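Enquirer: Just passing along the structure, written as structure tokens.
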Amino acid sequence: MKVVSVVGARPQFVKLAPVAAALTARGHEHVIVHTGQHYDAGMSEVFFADLRIPAPTVNLAVGSAGHATQTGRMLEALEPVLVQAAPDWVLVYGDTNSTLAAAVAAVKVHLPLAHLESGLRSFDRAMPEEHNRVMTDHAADLCLAPTDLAMRNLATEGLAARSRLVGDVMVDVCLAVAATAAGRSPLAGTPDEALVAGGDYLLATIHRQENTDDPARLLALLQALAGSPTPVLLLAHPRLVATAAREAIELAQGAVRVHPPQAYPDLVALVVGSRGVVTDSGGLQKEAMLLRTPAVTVRSTTEWTETVELGWNRLAPDADDLAQVLRKGMPQGREGTPYGSGDAAVRAVAALETG
Ligand code: UD1
């Protein structure tokens, strides 16, 4: 079997790692195509190196642009690559613009399309990711779902016959990395080395368009973080840094200490060592639960509802909610494993083998 994986953004590299290993273990031919959506070394190369993912065969180097331009550039560049590779499956991951572009490119040239992390819904149509996941699921020939709820969402939309429950590949990679992350010293050599060693900190990431593009909202969120009684290590995504610079917003205020995005093993070690996570990332709110760390998610909806139901994750739709949670303390979760036990990549490959 020949599989072309199309990836482009940071969370997709993480999901690719266990899938690439599982495909290789079964002796399949695997071609990795990188759209170039993320291109800084710390947002891309470092993941391939740390997670031992084979280097991409092709990098389309599309870079950053508005949604239409970025997606359109990918679509145009992908078509000849997919036609030439002529795989048994084009495999796409998650919900980014790279996911949607590869899905459309594949079905237009009649190549079988499989979508990993299929069936998630936030039901928030203002999120670009929500359009990307809905359209990709409906284009796909095979929907590889992480949870029972995702399977139900797919059934509701008439996609049950082409859906398979395989579990969540993020569990595979997160738990494997956590098992080796204990010896890491993230942020060593920075002024916050001792803070990390002491463990009395919150870890924060804010990067979503909904939170960064409106300067008034961004400022209010930062002020809420600044007022936290516990120090906050903010791992600043380039989108956040760019908006803050443009709007003359100081990121490092009050309790907030700013650092660049971290390599995946260091991120895992920082989550494990923290008192809690504040994020608007889909992946990180779930990784926090997998690592038994409470989280506050700065959004009004989540596609990972199980994290909220089990009590690990609290939604804070706006800055006042966030300030309140930070004052009162992080949520306390209950045991539960709704995302599988770490064999999702093997099950996904088995589903591709049987169709
Ligand atoms: C994208 C995904 C989002 C995912 C996130 C993970 C879409 C619609 N969004 O959002 O779902 O959670 O990736 O990080 O696909 N930039 C750099 N260097 C880079 C990459 C980006 O400086 O290597 C800057 C550019 O200014 C760019 C901005 O970040 O315009 C946004 O990047 P983009 O890939 O468009 O979206 P993300 O916010 O990263």
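Enquirer: In region 18-36, is there at least one residue being within 16 Å of the ligand (Cβ to nearest atom) and part of a helix (DSSP H, G or I)?
Expert: So far as region 18-36 goes, no, none of its residues is within 16 Å of the ligand (Cβ to nearest atom) and part of a helix (DSSP H, G or I).
Enquirer: Now for a different question. Could you go through region 53-60 and let me know if any residue there is buried (at least 21 other Cβ atoms within 10 Å of the Cβ), more than 21 Å from Pro18 (Cα to Cα), in contact (Cβ under 8 Å) with a residue 12 or more places away in the chain and within 15 Å of the ligand (Cβ to nearest atom). Explain how you work it out, then say what you get.
Expert: Initially, region 53-60 is screened for residues buried (at least 21 other Cβ atoms within 10 Å of the Cβ), giving 56, 60.
Then drop every residue that is not more than 21 Å from Pro18 (Cα to Cα), which leaves 60.
Pick out the ones that are also in contact (Cβ under 8 Å) with a residue 12 or more places away in the chain and you get 60.
Narrowing the set further to residues that are within 15 Å of the ligand (Cβ to nearest atom) leaves 60.
Scanning region 53-60, I find at least one residue that is buried (at least 21 other Cβ atoms within 10 Å of the Cβ), more than 21 Å from Pro18 (Cα to Cα), in contact (Cβ under 8 Å) with a residue 12 or more places away in the chain and within 15 Å of the ligand (Cβ to nearest atom), so the answer is yes.
Enquirer: To continue, here is another question. What about Asp200, is it surrounded by fewer than 16 Cβ atoms within 10 Å (Cβ to Cβ) and either modelled with pLDDT under 95 or of a type in the set (Phe, Trp, Tyr) (or both)?
Expert: In short, no.
Enquirer: Here is a further query. Within region 155-177, can you find the residues that are within 18 Å of Leu16 (Cα to Cα) and part of a loop (DSSP other than H, G, I, E, B)?
Expert: Within region 155-177, Val166, Gly167, Asp168 meet the criteria.
Enquirer: From the list Ser44, Ser64, Ser98, which one is farther than 26 Å from Leu352 by Cβ and of a type in the set (Ser, Thr, Tyr)?
Expert: Matching residue, one of Ser44, Ser64, Ser98: Ser64.
Enquirer: With (1) in contact with a Cys (Cβ under 7 Å, 6 or more places away or on another chain); (2) without any contact (Cβ under 8 Å) to a residue 12 or more places away in the chain as the list, and Leu290 as the residue in question, which single condition is left unmet?
Expert: For Leu290, the exception is condition (2).
Enquirer: Now a separate question. Considering region 90-110 alone, what residues qualify as being in contact with a strand residue (DSSP E or B) (Cβ under 6 Å, 6 or more places away or on another chain) and surrounded by fewer than 24 Cβ atoms within 10 Å (Cβ to Cβ)?
Expert: Val107
Enquirer: Kindly evaluate His115 against the criterion of being within 16 Å of the ligand (Cβ to nearest atom), in a strand (DSSP E or B) and touching a Leu at 6+ places or on another chain (Cβ under 8 Å). Break it down stepwise before answering.
Expert: Details: within 16 Å of the ligand (Cβ to nearest atom): yes; in a strand (DSSP E or B): yes; touching a Leu at 6+ places or on another chain (Cβ under 8 Å): yes.
The answer is yes for His115.
Enquirer: Does region 236-249 contain at least one residue that is modelled with pLDDT of 95 or more, under 29 Å from Gly336 (Cβ atoms) and touching a helix residue (DSSP H, G or I) at 6+ places or on another chain (Cβ under 9 Å)?
Expert: Scanning region 236-249 turns up no residue that is modelled with pLDDT of 95 or more, under 29 Å from Gly336 (Cβ atoms) and touching a helix residue (DSSP H, G or I) at 6+ places or on another chain (Cβ under 9 Å).
Enquirer: Of the residues that sit in region 223-232 and are out of contact with any Lys or Arg (no Cβ under 9 Å at 6 or more places or on another chain) and under 18 Å from Leu195 (Cα atoms), which one is nearest to the ligand (Cβ to nearest atom)? Spell out the reasoning first.
Expert: Going residue by residue through region 223-232, those that are out of contact with any Lys or Arg (no Cβ under 9 Å at 6 or more places or on another chain) are 223-226.
With the extra rule that they be under 18 Å from Leu195 (Cα atoms), the set shrinks to 225-226.
Numbers: Leu225: 19, Ala226: 23 Å.
The selected residue is Leu225.
Enquirer: Another question, then. Can you tell which of Leu235, Leu187, Leu219, Leu240 is under 21 Å from Leu315 (Cβ atoms) and away from the ligand (no atom under 16 Å from the Cβ)? Reasoning before the result, please.
Expert: On the way: Leu235 fails: away from the ligand (no atom under 16 Å from the Cβ); Leu187 fails: under 21 Å from Leu315 (Cβ atoms); Leu240 fails: away from the ligand (no atom under 16 Å from the Cβ).
Of the residues listed, the single one that is under 21 Å from Leu315 (Cβ atoms) and away from the ligand (no atom under 16 Å from the Cβ) is Leu219.
Enquirer: On to the next question. In region 296-312, how many are more than 21 Å from Gly342 (Cα to Cα) and surrounded by 17 or more Cβ atoms within 10 Å (Cβ to Cβ)?
Expert: 5
Enquirer: Related question: Out of the residues in region 166-184 meeting the condition of being over 17 Å from the mean Cα position of the chain (by Cα) and touching a residue at least 24 places away in the same chain (Cβ under 8 Å), tell me which one is nearest to Cys143 (Cα to Cα).
Expert: First pass over region 166-184, keeping only residues over 17 Å from the mean Cα position of the chain (by Cα): 166, 179-184.
The next check asks that each one be touching a residue at least 24 places away in the same chain (Cβ under 8 Å); those that pass are 166, 180-182, 184.
Numbers: Val166: 10, Thr180: 31, Ala181: 32, Ala182: 35, Arg184: 36 Å.
Ranking the candidates gives Val166 first.
Enquirer: Moving on. Search region 147-195 for residues being in contact with a Lys or Arg (Cβ under 8 Å, 6 or more places away or on another chain) and farther than 27 Å from Phe13 by Cα, and hand back the single one that is surrounded by the most Cβ atoms within 10 Å (Cβ to Cβ).
Expert: Asp192
Enquirer: Give region 172-188 a look and list any residue that's among the aliphatic types (A, V, I, L, M) and touching a helix residue (DSSP H, G or I) at 6+ places or on another chain (Cβ under 6 Å), or say none.
Expert: Once the filter is applied, which keeps residues that are among the aliphatic types (A, V, I, L, M) and touching a helix residue (DSSP H, G or I) at 6+ places or on another chain (Cβ under 6 Å), region 172-188 yields Val173, Val177, Ala178, Ala181, Leu187.
Enquirer: Report yes if His131 is of a type outside the set (A, V, I, L, M) and under 18 Å from Val3 (Cβ atoms), otherwise no. Can you show your working first?
Expert: Values: of a type outside the set (A, V, I, L, M): yes; under 18 Å from Val3 (Cβ atoms): no.
Considered against the rule, which asks whether it is of a type outside the set (A, V, I, L, M) and under 18 Å from Val3 (Cβ atoms), His131 comes out as no.
Enquirer: Now for a different question. Which one of Pro191, Pro229, Pro215 is in contact (Cβ under 8 Å) with a residue 40 or more places away in the chain and touching a helix residue (DSSP H, G or I) at 6+ places or on another chain (Cβ under 9 Å)?
Expert: After ruling out the rest, the residue left standing is Pro229.
Enquirer: Further question on the same structure: Name, by its number, the condition in (1) surrounded by fewer than 20 Cβ atoms within 10 Å (Cβ to Cβ); (2) in contact with a His (Cβ under 6 Å, 6 or more places away or on another chain) that does not hold for Leu235.
Expert: Among (1) surrounded by fewer than 20 Cβ atoms within 10 Å (Cβ to Cβ); (2) in contact with a His (Cβ under 6 Å, 6 or more places away or on another chain), Leu235 violates only (1).
Every residue, every condition in (1) touching a residue at least 60 places away in the same chain (Cβ under 8 Å); (2) away from the ligand (no atom under 15 Å from the Cβ); (3) in a helix (DSSP H, G or I), yes or no:
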position: Val62; (1), (2), (3): no, no, no
position: Ala77; (1), (2), (3): no, yes, yes
position: Val92; (1), (2), (3): yes, no, no
position: Ser98; (1), (2), (3): yes, no, yes
position: His110; (1), (2), (3): no, yes, no
position: Arg125; (1), (2), (3): no, no, no
position: Asn153; (1), (2), (3): no, yes, yes
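The values are calculated or read from the model by the stated rules, or taken from the named source; none is laboratory data. Only a predicted model underlies this, so the values are computations on that prediction, with no experimental measurement involved. Counting neighbours? That spans all protein chains shown, and the Cβs are built from the backbone with ideal geometry, glycine included.
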